[in-house]
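The values are calculated or read from the model by the stated rules, or taken from the named source; none is laboratory data. Because the structure is a prediction, the values reported are computed rather than measured. Heads up, the Cβs are rebuilt from the backbone with ideal geometry, glycines too, and the neighbour counts pull from every protein chain shown.
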Amino acid sequence: MKEYFSLLFTGAKSLLVGMGVTLRQMFKPIVTVQYPRERLDITPNFRGHTELVRDRETGTHRCISCKLCQRDCPSSCITVISEKREGVKGLTLLSYRLDFTKCSLCGICVEVCPTTALGFSGEYELAGFDPDEFRYDLLKELEGRE
Amino acid sequence: MHLNQSLPPELIRIVISVVVLIGFTFLNVLLLGYAERKISGRIMRRPGPMEVGPQGIFQLLVDGVKLVAKQFIVPSEAGTLFRIAPLLAFMPVGLSFIVIPFSNRLQVRDLDTGLVFMLAVMSLNTFAILVAGWTSNSKYSLFGAIRSVAQSVSYEIPMLLSLLSVVLMANTLSMRGIVLAQSPVWYVVVQPVAFLIYFVAGLAETNRAPFDLPEAESELTAGFHTEYSGMGFSMFFLAEYTNMFFVCSLGVVLFFGGWSGPKLPYMDYTGIIWFFLKVYILLFVMIWIRWTFPRVRFDQLLNFCWMYLIPFSLVNLLLTAVVVKL
């Protein structure tokens, strides 16, 4: 008999405590983000696809076409195309192709780059209808990123 | 003028009442559906529907259009009553409104046995659920219906017993009479236990969480209305939300003094404001409870009814009878 009433009492008390919790939550601010209209700042550590870093002084990329990234890429998704031009020191980069459909975002290319020409972009809205949309030319992308 | 003379006033009264009440049924469902989603959102600290209209207020209208436009799919071996069950669920909705006293002079009919009438009509919903579950030819539907019937049958007892103690005090079964009998103090003050028991039983009667076993998603998909689509489903949806409204309005009439409240001009009619205010506060509590408590197990559900609600309501009834007699 004592157990019968104590069960009733503790049960009723816990129900009221629970309702108090939900009522308090109800008047707290909303924590979800209305995504297409609101965006959160992404962390600087975010690993998007790689991009060519713009050099502050020269205003262009720092790639010397050494092809270390292409050689070290475990997914072999990087193709660097360059040519030797008259009167220009070193190789001139023509195209830096990244096949992002195969990239595993390991970041070895960024680590290995002797001139720190590569960095991670903050791009995260990645959806498309065609795999070709994810075969980037990072040089064109750098020029387009004015 | 001519129209007025050729038609009996009683007919005009009936037509107006039916149109207003059916209109109100749909409006109430829109309001409650929106409130349910907004409140559940706020409790989970989400904004709830936001896309259609400012703050998403037209979301339920759009949902309604979608449901009307959808095909009504009948399972291949469903019984002939499959099409009738949604109507059976919706029919009591119109009937129950007849006896609700919205205000002193706003009531379709004040029956002498109004309370009994209302309870009888409301329990027809169980019958609709049984028919729907049985004729769907689906195991989920059948189990949902079985649970619903077991639950409704057992919770009807404490509900009636708790209401009986109010009837003993008011000495009438007419809804208007019960409201008028509460003029000095509301019965919730005199009969708090009866109110609590009524409210818990009402939650179970309307298959609301935490007693929503007939529609337990994780086990039964959607319970008795698993096989219903389009308008068939919306009929059940309408009936469910209107039943919530009935449970709360019955609670207001019996325990919270119906339309009584601070004096307003034309109190005979504007009492409806107090009535609706109280009903929607109770409905808010119902929604609040739903988004707070997890679903109970079936044995817990029946144990709670037979071990706590029925003995307590019996004792309450006995004490009330003794006090009234003294």
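Which numbered condition in (1) within 16 Å of the chain's Cα centre (by Cα); (2) at pLDDT below 80; (3) of a type in the set (A, V, I, L, M); (4) farther than 23 Å from B:Ala35 by Cβ is the only one that B:Ile197 fails?
Only one criterion in (1) within 16 Å of the chain's Cα centre (by Cα); (2) at pLDDT below 80; (3) of a type in the set (A, V, I, L, M); (4) farther than 23 Å from B:Ala35 by Cβ is unmet by B:Ile197, namely (2).
May I ask you to list the residues in the stretch B:31-50 that are away from chain A (no Cβ under 14 Å) and surrounded by 18 or more Cβ atoms within 10 Å (Cβ to Cβ)?
Once the filter is applied, which keeps residues that are away from chain A (no Cβ under 14 Å) and surrounded by 18 or more Cβ atoms within 10 Å (Cβ to Cβ), the stretch B:31-50 yields B:Leu32, B:Gly33, B:Tyr34.
Based on what the data block shows, is B:Val131 at pLDDT below 85 and either part of a helix (DSSP H, G or I) or among the hydrophobic types (A, V, I, L, M, F, W, C) (or both)?
Here the answer is no, as B:Val131 does not meet what is asked.
Scan the stretch A:21-38 and give yes if some residue there is in contact with a strand residue (DSSP E or B) (Cβ under 8 Å, 6 or more places away or on another chain) and of a type in the set (Val, Ile, Thr), otherwise no. Can you show your working first?
Filtering the stretch A:21-38 down to residues in contact with a strand residue (DSSP E or B) (Cβ under 8 Å, 6 or more places away or on another chain) leaves none.
Checking the stretch A:21-38: not a single residue is in contact with a strand residue (DSSP E or B) (Cβ under 8 Å, 6 or more places away or on another chain) and of a type in the set (Val, Ile, Thr).
Can you list the helices (runs of 4 or more DSSP H) found entirely within the stretch B:135-247 that contain at least 3 residues being buried (at least 20 other Cβ atoms within 10 Å of the Cβ), of a type in the set (A, V, I, L, M) and touching a residue at least 40 places away in the same chain (Cβ under 8 Å)?
It comes to B:139-170, B:175-181, B:192-205.
Please tell me if B:Met50 is more than 22 Å from B:Met235 (Cα to Cα), hydrophobic (A, V, I, L, M, F, W, C), more than 25 Å from the chain's Cα centre (by Cα) and at pLDDT below 85.
yes
Can you name every residue in the stretch A:106-136 that is assigned to a helix (DSSP H, G or I) and either small (Gly, Ala, Ser) or exposed (fewer than 14 other Cβ atoms within 10 Å of the Cβ) (or both)? Outline the logic, then answer.
So in the stretch A:106-136, the residues assigned to a helix (DSSP H, G or I) come out as A:108-112, A:131-134.
Within the stretch A:106-136, A:Glu111, A:Pro131, A:Asp132, A:Glu133 qualify.
List the number of the failed condition for B:Leu142; all other conditions in (1) more than 14 Å from the chain's Cα centre (by Cα); (2) among the aliphatic types (A, V, I, L, M); (3) closer than 20 Å to B:Asn28 by Cβ hold.
(3)
In the set B:Met122, B:Met44, B:Met118, which member is closer than 21 Å to B:Arg208 by Cβ, in the same structural domain as B:Thr270 (by TED's automatic domain parsing) and either over 18 Å from the mean Cα position of the chain (by Cα) or modelled with pLDDT of 85 or more (or both)?
Criteria check complete, one pass: B:Met118.
Identify all residues within the stretch B:39-49 that are more than 15 Å from B:Leu61 (Cβ to Cβ) and without any contact (Cβ under 8 Å) to a residue 40 or more places away in the chain; write none if there are none. Even if it seems obvious, please write down each step before you answer.
Let us first name the residues in the stretch B:39-49 that are more than 15 Å from B:Leu61 (Cβ to Cβ), namely B:39-48.
Selection gives B:Gly41, B:Arg42, B:Arg45, B:Arg46, B:Pro47, B:Gly48.
Please go through the stretch B:310-322 and pick out each residue that is more than 11 Å from every other protein chain (Cβ to nearest Cβ) and either closer than 17 Å to A:Phe9 by Cβ or surrounded by fewer than 15 Cβ atoms within 10 Å (Cβ to Cβ) (or both).
B:Val315, B:Leu318, B:Leu319, B:Ala321, B:Val322 - these are the residues of the stretch B:310-322 that are more than 11 Å from every other protein chain (Cβ to nearest Cβ) and either closer than 17 Å to A:Phe9 by Cβ or surrounded by fewer than 15 Cβ atoms within 10 Å (Cβ to Cβ) (or both).
When you go through B:Ile178, B:Ile129 one by one, which is the residue that is of a type outside the set (Asp, Glu), over 22 Å from B:Ser313 (Cα atoms) and assigned by TED's automatic domain parsing to the domain that holds B:Lys278?
Working: B:Ile178 fails: over 22 Å from B:Ser313 (Cα atoms).
Unique residue meeting the criteria: B:Ile129.
Table: residues versus (1) modelled with pLDDT under 85; (2) farther than 30 Å from B:Leu30 by Cβ; (3) out of contact with any Pro (no Cβ under 9 Å at 6 or more places or on another chain).
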site: B:Tyr155; (1), (2), (3): no, no, yes
site: B:Leu163; (1), (2), (3): no, no, yes
site: B:Ala181; (1), (2), (3): yes, yes, yes
site: B:Val185; (1), (2), (3): yes, yes, yes
site: B:Val193; (1), (2), (3): no, yes, yes
site: B:Gly202; (1), (2), (3): no, no, yes
site: B:Ala216; (1), (2), (3): yes, no, yes
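Do we have B:Pro54 as within 14 Å of chain A (Cβ to nearest Cβ), of a type outside the set (A, V, I, L, M) and over 30 Å from B:Phe275 (Cβ atoms) here?
The answer is no for B:Pro54.
Being of a type outside the set (D, E, K, R) and either farther than 23 Å from B:Gly258 by Cβ or assigned to a loop (DSSP other than H, G, I, E, B) (or both) is the requirement here; does B:Ile98 meet it?
no
Only one of (1) surrounded by 14 or more Cβ atoms within 10 Å (Cβ to Cβ); (2) aromatic (Phe, Trp, Tyr); (3) within 14 Å of chain A (Cβ to nearest Cβ) fails for B:Phe255. Which number is that?
(3)
Which members of the stretch A:75-105 meet the condition of being surrounded by 17 or more Cβ atoms within 10 Å (Cβ to Cβ) and of a type in the set (Val, Ile, Thr)?
Result: A:Ile78, A:Val80.
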